[in-house]
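*Asks:* Dumping the structure here so I can ask a few things about it.
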Amino acid sequence: MRRVLAPVLLRLKALIFRRASDAELDEELRFHIDRETDRNVANGMAPSHARDAARRAFGNESVARENARDAMRWPLLEELLQDVVYAIRTSRRAPTFVITVVGTIGLGLGLLTTAFTLFDAYVLRPLAVRDPGSLYDISWTSRSGQGHRFTWVQYQALLERNAVAEPFAYVNLITRMHGQPTIGQFVTGNYFRSLGIGAALGRTLQAEDAEAPGANAVVVLSYDTWQSMFGSDSGVVGQRVALDGVSLRIVGVAQKGFGGLESVPLQYWVPVTMIGLVDPGRDAFGSKPAESLRIVGRLRPGMTLDQAKRALVAWVQALTVDLAAQQRVTDVTLTPKGTSIPLTTEVIEVFSPIAIAFLLVMLIACANVANVMLARGMARQREIGIRLAIGASRGRLIRQLLTESILLSLPSALAGYLVSRVSINLGLYGMLAMTPPSYRGYLRPMPLTPDTRIVLFMMAAAVIAAVVFGLAPALQATRPSVVHATRGDFDSNLRPSKMRNTLVVAQITGSALLLICAGVLLRAARNTTTLAPGVRIHNLVQIVLLDRGRERAIDDLSRVPVVQAVASASSGPMDAIFPDLFAAPAGATPIRIKFNVVSPEYFPALDLSIVRGRNFSPDEARARAAVAVVSEATAAALWPLRDPVGQRLVLSTATLENPRIARYHTATVVGVVPNVRAGWIGLPLDMPVVYYPQPVDAAGSTIITRTSGDAEQARGVIERVLGATDSVAVREIHTVEASLAVQIFPFQFSYWIASLVGGIALVLTLTGVYGVLSYLVAQRTREFGVRMALGASPMTLITLVMRQLVRLAVAGLVIGGLLAFGLSRLFGSVLYVIDTHDPLGYAVGLGVVFGACMLAAYVPSRRAATVNPVDALRAQ
Amino acid sequence: MTAPKTDLLQGTLDLIVLKMLRAGPANGWDLTQSIQVVSKGALDVNYGSLYPALRRLEAKGWIKGRWGVSENNRRARFYDLTSAGQKRLDAERQAWDRFSHALGLILRTE
């Protein structure tokens, strides 16, 4: 090591102590001359001649000195230092130029970094657990296409099977802790040990905690929750908390920064054996266990993914061998769990349009700066020409100009960092502000703190940008021949216009693309807000109750004055997409139908009139009789020519796997209701829906109440009344309007982002167009003067300048439009809710860009028209 | 000095300096003298290229400079051959032997 380092140290010493090193060299050379002189004297030469003779014998002393110096140091590095000093000196003389470049690149880079920060936090950042790369989530699919999780017995079988290493299992659950919505996990006892997570306080969960169902009522808090909900109380261990009314003893706080393996940071961990007490519907134990366990295991060292998969398929085959053919396994899916969102092709498809949009803004910013640099390069022709003339090599000059742009990129990176922090915080704030209050507690983004990857990304992006915007102008500017430069003739053989035109067209293309996106998304956002859900949404409050207190709560509800009607449904009207079933008249091919199991009060409460037949009777509801009410779309699809009332609807065998609706196997249609959107505003209105009966107090269903007066106020009243009898009866309570707002929100948000990004792109393009045309007009002042003197009208000159831009703008708009069309075909599958070929959206986008370009061109062209011919001619 | 002078081949100065330093430490002027003496005046070292060569060899770590006292009692810069320089010298010498042998064979054939 020393041997490698020693020469470097030597050079470094020579570089840093330049004076001392030069003095040493001087002394050494002086010694040589003196010694030579002495010898000459000794040989009998006259002292006066001896020194001159020694000098002559030595040859050119200063060349020797220069060469010796270069041999000692890094000439490249010294030149670089010179360039840096020179660049700093020149940029101090042009502060506006520096501010323009730093601001423009900073803005583009900041937005790009914001997008990268999100991608990094969710997709790239490995979870802070032991060996995250070997973790895989396991699930399986039956032949009917139904996805499956596992029961406790199945998990126990997997432990013996050894197909994967250290498998652990868990159930995710949203509950209320101290009245606040909290997200946590019910985990097996080996969860923390397998992930290598320790405790910040007390202990984590151990194997003994999760051995017998219901035995250990303990909980481990996340560090963040301990800080935010318990004020970092060091005496928290041993205290009790109520989770949906089940009292648990806090045994510890998990280590800082750990929030589970999900895309939402988790707040607590409870032994999986407690799941039955908190949510009986997802109890994975007992005689009728639910398939509620998610299993994550590690790939055994030396085992490939395929081998693990084959072993797991064999295992699930053994589990399902006794079941009907349709319910047996076809495939096992292994999903990487090393990051909070696995990097799959689907994720890339969703992220890449966003990445492209932000990258485009960055490129437009670069094009802008390249144009500024180009103009500056032209202005520096004289300086560059002189330097070329006195012997600077072109390579050296290009290197110097590139040093300048890279130096500019460093403060730009800093500006970009500030922009990204501000935009991230504003984005989070905006999201929180736009979310209806009752939903805010569920908004838990991943921590978006900057890490080394983000810093590296910014540095790399800034330097690449510097090369992109700096290299082309540098090549262009250093092209003049020495002859022309010394003559002072800089215009004749330079054709920078081609590059400038390309840059302008590229900018207009980029903005057109982004604004078409914004236009299309604006229309989509407007559409979703004007879509009729098909049901009444005003004055409705939906309540998720715990089954424990359900009867009492319903009883209480009927006595609240603002409550006009109480209904129940397996799915709230605008809560989430209704689940699917496959059914048809006997003998026909089953079709996909959305279903909802509702109490008879559901239809009147939601203003769904029965258009044919009748509603469920109270007896049918209580008995959950095999009768059905279908939507008009279902009736039209299954019985187009017949009266649907009285027909029979038979579930396909695959659907019978779902225990909730197995009892409605062959149902008689008793009524028809109008079409509704099946739980999500993005679904078409004519999607078939079928309803089956249930009593109003059916376990696990959502309560829907129709209220009088303001729904938000009624929500508060209901929450207070129900809370008075049983403080933990209500798990969730929202107005249906708020649920709908939450559904529309993503459309609005993406529209805002697209508009913002498009708007910034447009502003950058406008400044670019404005700058280029101003420059061109200034350059052609003499020509305009001549034209004016020869009788051209101001109008002719304006058209002359404008026409130049129109040509570029049309080229950019056509390319942008075609690109948008092409990209929409590529990404259309992801954005299936949005009409990606919406002509009005295209028209809006293209129109805005064109209009803005014309506006930006008008000001400089006016200037051309007001040129005073006498001044213009005299100026040359 | 009647013997005809020979121009130095490109790159051979380094080899010569390393060889001379093998006999023991020397300063720049000593080196020029010994080169002339050993080559019997046939090789005339351009002093102007000797000092850059010394710096280059030092930067490569093959020789090491230090200040010492010359025989006329003046402060002078002396150079020692390092072990890396020793290895380099052996390698260069073998290469040179191979080269001169081959060249000799070619030149001797008619």
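The values are calculated or read from the model by the stated rules, or taken from the named source; none is laboratory data. Note that the coordinates shown come from a computational prediction; the quantities given were computed from them, not determined experimentally. Cβ placement follows ideal geometry from the backbone for every residue including glycine, while neighbour counts extend to all protein chains displayed.
*Asks:* Quickly run through segment B:38-96 and pick out the residues that are acidic (Asp, Glu), in a helix (DSSP H, G or I) and within 11 Å of another protein chain (Cβ to nearest Cβ).
*Replies:* Keep residues of segment B:38-96 that are acidic (Asp, Glu), which gives B:44, B:58, B:71, B:80, B:90, B:92.
Adding the requirement that they be in a helix (DSSP H, G or I) leaves B:58, B:90, B:92.
Listed by number, the list holds a single entry, B:Glu58.
*Asks:* Any residue that is of a type outside the set (Gly, Ala, Ser), over 29 Å from A:His178 (Cβ atoms) and assigned to a loop (DSSP other than H, G, I, E, B) - is there at least one of those in segment A:713-726? Spell out how you get there, then give the answer.
*Replies:* From segment A:713-726, those of a type outside the set (Gly, Ala, Ser) are A:713, A:715, A:717-722, A:725-726; that's our starting set.
From the residues that got through so far, the ones that are over 29 Å from A:His178 (Cβ atoms) too are none.
Looking for residues that are of a type outside the set (Gly, Ala, Ser), over 29 Å from A:His178 (Cβ atoms) and assigned to a loop (DSSP other than H, G, I, E, B), one finds none in segment A:713-726, hence no.
*Asks:* Looking at this structure, is A:Val253 part of a strand (DSSP E or B), closer than 12 Å to A:Gly184 by Cβ and in contact with a Gly (Cβ under 8 Å, 6 or more places away or on another chain)? Give the derivation first.
*Replies:* On the way: part of a strand (DSSP E or B): yes; closer than 12 Å to A:Gly184 by Cβ: no; in contact with a Gly (Cβ under 8 Å, 6 or more places away or on another chain): yes.
The answer is no for A:Val253.
*Asks:* Please note which strands (runs of 3 or more DSSP E) are completely contained in segment A:268-341 and include at least 2 residues that are farther than 24 Å from A:Gly189 by Cβ. If you could, list the steps in order and put the result at the bottom.
*Replies:* Numbers: elements: A:268-271, A:294-298, A:329-336.
Those strands (runs of 3 or more DSSP E) span A:329-336.
*Asks:* If A:Thr188 satisfies all but one of (1) surrounded by fewer than 18 Cβ atoms within 10 Å (Cβ to Cβ); (2) under 22 Å from A:Ala308 (Cβ atoms), what's the number of the condition it fails?
*Replies:* (1)
*Asks:* Using beta carbons and a limit of 7 Å, which pairs, at least six apart or on different chains, have the first residue in segment A:582-593 and over 20 Å from A:Arg660 (Cβ atoms) and the second one assigned to a loop (DSSP other than H, G, I, E, B)?
*Replies:* A:Pro585/A:Gln647
*Asks:* Can you work out which of the residues in segment B:81-110 that are among the hydrophobic types (A, V, I, L, M, F, W, C) and in contact (Cβ under 8 Å) with a residue 12 or more places away in the chain is surrounded by the most Cβ atoms within 10 Å (Cβ to Cβ)?
*Replies:* Let us first name the residues in segment B:81-110 that are among the hydrophobic types (A, V, I, L, M, F, W, C), namely B:81, B:84, B:89, B:91, B:95-96, B:99, B:102-103, B:105-107.
Retained after the next criterion (residues that are in contact (Cβ under 8 Å) with a residue 12 or more places away in the chain): B:81, B:84, B:89, B:96.
Numbers: B:Leu81: 23, B:Ala84: 16, B:Leu89: 19, B:Trp96: 13.
Checked segment B:81-110; the qualifying residue surrounded by the most Cβ atoms within 10 Å (Cβ to Cβ) is B:Leu81.
*Asks:* Still on this structure, I have one more. Has segment A:76-86 got any residue that is away from chain B (no Cβ under 14 Å) and crowded, with 19+ Cβ neighbours inside 10 Å?
*Replies:* Yes: segment A:76-86 contains one or more residues that are away from chain B (no Cβ under 14 Å) and crowded, with 19+ Cβ neighbours inside 10 Å.
*Asks:* OK, next. Specify which of the listed residues (A:Arg203, A:Arg176) is under 32 Å from the mean Cα position of the chain (by Cα) and over 18 Å from A:Asp137 (Cβ atoms). Before you say what the answer is, go through the steps one by one.
*Replies:* Values: A:Arg203 fails: under 32 Å from the mean Cα position of the chain (by Cα).
Being under 32 Å from the mean Cα position of the chain (by Cα) and over 18 Å from A:Asp137 (Cβ atoms) holds for just one of A:Arg203, A:Arg176, which is A:Arg176.
*Asks:* If you don't mind, there's one more thing I want to ask. Tell me which helices (runs of 4 or more DSSP H) are completely within segment A:441-536 and hold 1 or more residues being closer than 30 Å to A:Gly847 by Cα and at pLDDT 75 or above, or say none if there are none.
*Replies:* A:452-477, A:497-530
*Asks:* Kindly indicate the residue of segment A:30-68 that is crowded, with 19+ Cβ neighbours inside 10 Å and either among the β-branched types (Val, Ile, Thr) or within 19 Å of B:Gly65 (Cα to Cα) (or both) and also farthest from the other protein chains (Cβ to nearest Cβ) among those meeting that condition.
*Replies:* The selected residue is A:Thr37.
*Asks:* Further question: Name the residue that is nearest to A:Val164 (Cα to Cα), counting only residues in segment A:254-282 that are of a type outside the set (Gly, Ala, Ser) and either without any contact (Cβ under 8 Å) to a residue 60 or more places away in the chain or surrounded by fewer than 16 Cβ atoms within 10 Å (Cβ to Cβ) (or both).
*Replies:* Initially, segment A:254-282 is screened for residues of a type outside the set (Gly, Ala, Ser), giving A:255-256, A:258, A:261-262, A:264-275, A:277-280, A:282.
Filter again for either without any contact (Cβ under 8 Å) to a residue 60 or more places away in the chain or surrounded by fewer than 16 Cβ atoms within 10 Å (Cβ to Cβ) (or both), leaving A:255-256, A:280.
Details: A:Gln255: 26, A:Lys256: 28, A:Pro280: 29 Å.
Among those that are of a type outside the set (Gly, Ala, Ser) and either without any contact (Cβ under 8 Å) to a residue 60 or more places away in the chain or surrounded by fewer than 16 Cβ atoms within 10 Å (Cβ to Cβ) (or both), it is A:Gln255.
*Asks:* Which of the residues belonging to segment A:206-229 are within 31 Å of the chain's Cα centre (by Cα) and in a loop (DSSP other than H, G, I, E, B)?
*Replies:* Of everything in segment A:206-229, just one residue is within 31 Å of the chain's Cα centre (by Cα) and in a loop (DSSP other than H, G, I, E, B), namely A:Ser222.
*Asks:* Is there a residue in segment B:52-61 that is in contact with a Ser or Thr (Cβ under 8 Å, 6 or more places away or on another chain), under 22 Å from A:Arg69 (Cβ atoms) and surrounded by 20 or more Cβ atoms within 10 Å (Cβ to Cβ)? Steps first, answer last, please.
*Replies:* Taking segment B:52-61 and keeping what is in contact with a Ser or Thr (Cβ under 8 Å, 6 or more places away or on another chain), we get B:61.
In the following step, the residues that additionally are under 22 Å from A:Arg69 (Cβ atoms) were identified as B:61.
Remaining after also requiring surrounded by 20 or more Cβ atoms within 10 Å (Cβ to Cβ): B:61.
Checking segment B:52-61: at least one residue is in contact with a Ser or Thr (Cβ under 8 Å, 6 or more places away or on another chain), under 22 Å from A:Arg69 (Cβ atoms) and surrounded by 20 or more Cβ atoms within 10 Å (Cβ to Cβ).
*Asks:* Moving to a separate point now. If A:Asp22 passes every condition in (1) surrounded by fewer than 16 Cβ atoms within 10 Å (Cβ to Cβ); (2) away from chain B (no Cβ under 14 Å); (3) part of a helix (DSSP H, G or I) but one, which one does it miss?
*Replies:* Of the numbered conditions (1) surrounded by fewer than 16 Cβ atoms within 10 Å (Cβ to Cβ); (2) away from chain B (no Cβ under 14 Å); (3) part of a helix (DSSP H, G or I), the odd one out for A:Asp22 is (2).
*Asks:* Can you tell me which residue among A:Ser247, A:Ser232 is of a type in the set (Ser, Thr, Tyr), out of contact with any Leu (no Cβ under 9 Å at 6 or more places or on another chain) and not in a loop (DSSP other than H, G, I, E, B)? Break it down stepwise before answering.
*Replies:* On the way: A:Ser232 fails: not in a loop (DSSP other than H, G, I, E, B).
After applying the criteria, what remains is A:Ser247.
*Asks:* Hey, another quick one. Checking A:Thr705 against (1) assigned to a loop (DSSP other than H, G, I, E, B); (2) surrounded by 23 or more Cβ atoms within 10 Å (Cβ to Cβ), which test does it fail?
*Replies:* (1)
*Asks:* What number goes with the only condition from (1) away from chain A (no Cβ under 14 Å); (2) more than 19 Å from A:Asn67 (Cα to Cα) that B:Thr12 does not pass?
*Replies:* Answer for B:Thr12: the failing condition is (2).
*Asks:* Evaluate the following for A:Ala662: is it at pLDDT below 90, touching a strand residue (DSSP E or B) at 6+ places or on another chain (Cβ under 6 Å) and of a type outside the set (D, E, K, R)?
*Replies:* no
*Asks:* Looking at the structure I just gave you, is A:Val645 at pLDDT 95 or above and not in a helix (DSSP H, G or I)? Show your work before the answer.
*Replies:* Working: at pLDDT 95 or above: no; not in a helix (DSSP H, G or I): yes.
It is false that A:Val645 is at pLDDT 95 or above and not in a helix (DSSP H, G or I).
*Asks:* For A:Leu756, all conditions in the list (1) closer than 27 Å to A:Val419 by Cβ; (2) in contact (Cβ under 8 Å) with a residue 12 or more places away in the chain hold save one; what is the number of the exception?
*Replies:* The failed condition is (2).
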